[in-house]
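For reference, the structure is listed below as structure tokens.
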């Protein structure tokens with residue numbers, strides 16, 4: 001059951017990612033990218049990480065995808081013409097792919113017996129965040145507050 | 001007898017599933033989910049049809065006219081006529097529109113609206129999909145609506161559509177913050193993101209008669225009002241319906257939609273309204289709990305739908321009463337008033353909890369909210385705002 005679901009979701013996610021990379025219209029590419037995000041969220045659900053999956057949808061569809069889409073809308077007119085083939089991109093892609101393959105082949109065995117982990121509930125995540133990871137959490141909060149204030153200052157009306 | 005009437009739908013589902021007795025687990029799961037989905041769609045599409053005609057009747061009454069009264073008794077078959085009209089209307093797609101995006105937008109918006117209904121407890125043991133972080137699921141699904149609205153606006157390739165979509169997304173993003181932050185105190189106090197546990201925490205009675213609903217605590221009342229206003233904005237209802245302000249930008253992101261696609265948008269809007277009211281009931285109004293011990297013999301789902309009807313009536317009442325607000329007023333209200341008040345609710349709930357959840361905590365949290373409210377009303381200078389509007393760029 002879950003392996004069949006895995007295959008279906010994997011095909012959909014990969015197809016969406018491929019479409020995001022190849023589609024001519026930038027807006028279509030951005031929307032397929034959002035679909036790929038949904039596929040990744042589905043993987044999290046399949047793994048039983050409900051909370052992470054929901055946050056994935058929440059952050060990446062609700063915020064990041066909307067941000068990308070608006071950036072495209074506000075920054076460029078429809079560029080329809082083909083801008084030629086980008087060879088440097090191919091080089092980078094091959095380098096990354098080669099690096100990953102090298103790392104995978106170098107790993108002796110990936111079939112490590114998974115340890116028994118209790119079900120990951122929101123309560124446990126909350127407790128761990130509030131006890132063991134309180135400093136990273138506070139740092140992230142501080143960073144986000146700084147970003148928020150920065151955004152406010154950027155759009156603030158100048159006093160005349 | 002009482003219990004069996006309360007659980008009648010659970011029994012019916014078990015009866016339906018009984019023939020599948022020996023089937024493997026996943027077949028049972030799929031069958032059970034399908035039953036839930038069909039029940040949800042059946043109930044809420046019927047409710048949509050009913051509300052669409054009731055809204056017109058109530059608005060008619062408020063505006064001193066009759067409302068629809070030609071089709072069937074009291075005009076009750078009006079939605080059937082409307083549905084047939086919408087189905088057989090020509091579906092017009094603009095030549096310059098992006099066909100795929102234009103086609104997908106109504107589907108996405110309706111799908112997300114229906115998905116959000118799935119996690120709300122409608123009665124005792126009657127949560128269609130009881131997931132551990134149901135509240136988060138509700139908002140995760142709801143945040144997808146923004147993308148759908150954008151797709152509708154951009155796919156139509158029309159200035160009015162795009163402007164409407166921009167307005168809709170601006171106000172949705174702004175009010176999503178107070179909406180989610182007003183949910184936080186409830187989640188904090190209960191200690192769970194699961195709607196079932198939130199409803200369970202509101203059972204029982206204080207002093208033997210007063211129901212323990214969160215709306216009866218000061219932070220709960222303030223949070224409920226903020227939640228309700230944010231819900232109005234999220235479902236694009238009057239007085240916050242600038243995205244489709246018909247006197248300004250035709251119909252906003254729905255300008256280029258006709259026939260059944262327009263009906264789908266319309267339906268999604270109403271279902272979104274049901275979902276947000278249902279969540280408000282779950283969080284603050286005690287879910288399916290009865291308001292008095294003596295009234296517990298009435299089945300739990302009837303209580304839920306009674307509360308839902310009351311909230312929907314308030315929605316319609318507001319639509320009949322209030323004029324449309326301006327875009328800048330909506331934004332100012334969100335960031336300068338709603339957001340600070342929402343954070344205050346979180347603090348007030350914490351004060352209530354640490355003062356022992358009793359009468360002392362009740363007074364303390366009321367004090368916190370009152371102090372912030374008065375400070376805000378002084379700083380925002382609500383009185384001297386009646387000056388001619390100045391335009392920054394359009395002079």
TODO: Give the residues of segment B:121-144 whose amide nitrogen is closer than 17 Å to a point set 7 Å from the Cα of residue B:111 in the direction of its Cβ.
DONE: B:138, B:140-144
- [ ] Project the alpha carbons of segment A:1-79 onto their principal axes and report the range along each, largest first, in whole Å.
- [x] 46, 24, 10
- [ ] Could you list the square roots of 5 times each eigenvalue of the Cα gyration tensor of segment B:247-395, that is, the equivalent ellipsoid semi-axes, sorted largest first and rounded to whole Å?
- [x] 34, 30, 12
Open item on the list: Let me confirm one metric for peptide B:139-149, namely the mean number of other chain beta-carbon atoms within 10 Å of its residues' beta-carbons.
Closed with: 5
Task: segment B:60-145: radius of gyration over Cα atoms, expressed as a fraction of 2.2 N^0.38 Å - done: 1.61
- [ ] Order by neighbour count: B:141, B:327, fewest other Cβ atoms within 10 Å first, most last.
- [x] B:327, B:141
Task: Full-stretch length increase - residue B:297, residue B:347 - with 0.36 nm per residue and alpha-carbon distance subtracted - done: 14.3 nm
TODO: Over segment B:3-66, consider all pairs of different Cα atoms and compute the Kirkwood hydrodynamic radius from their mean reciprocal separation; express it in Å, one decimal.
DONE: 14.7 Å
- [ ] Could you order peptides B:341-348, A:35-42 by the average number of other Cβ atoms within 10 Å of their residues, highest first?
- [x] B:341-348, A:35-42
Task: If the convex hull is drawn through the Cα atoms of chain B, its volume per residue in Å³ - done: 182 Å³
Task: Label point distance in nm, residue B:246-residue B:70, each placed 7 Å from Cα along Cα→Cβ - done: 1.7 nm
TODO: Could you pull out which residues in segment B:155-197 have an amide N less than 14 Å from a spot 7 Å beyond the Cα of residue B:335, following the Cα-Cβ vector?
DONE: B:170-178
Task: Added length on full extension, which subtracts the Cα-Cα distance from 0.36 nm per residue, residue B:313 to residue B:85 - done: 79.4 nm
Task: Pair residue B:157, residue B:20: separation of 7 Å Cα→Cβ label points (nm) - done: 4.5 nm
Open item on the list: I need B:91, B:82 ordered by Cβ neighbour count within 10 Å, fewest first.
Closed with: B:91, B:82
Task: the protein assembly as shown: Rg to Rh, with Rh as the Kirkwood radius over Cα pairs - done: 0.97
TODO: Could you work out the mean projected area of the convex hull around the alpha carbons of segment B:153-237, in square nanometres to one decimal?
DONE: 7.1 nm²
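Read-outs: derived from the displayed coordinates by stated rules, not from any lab. Here the structure is a predicted model, which means the values were calculated and not measured. Glycine gets a Cβ as well: all are built from the backbone with ideal geometry, and neighbour counts include every protein chain shown.
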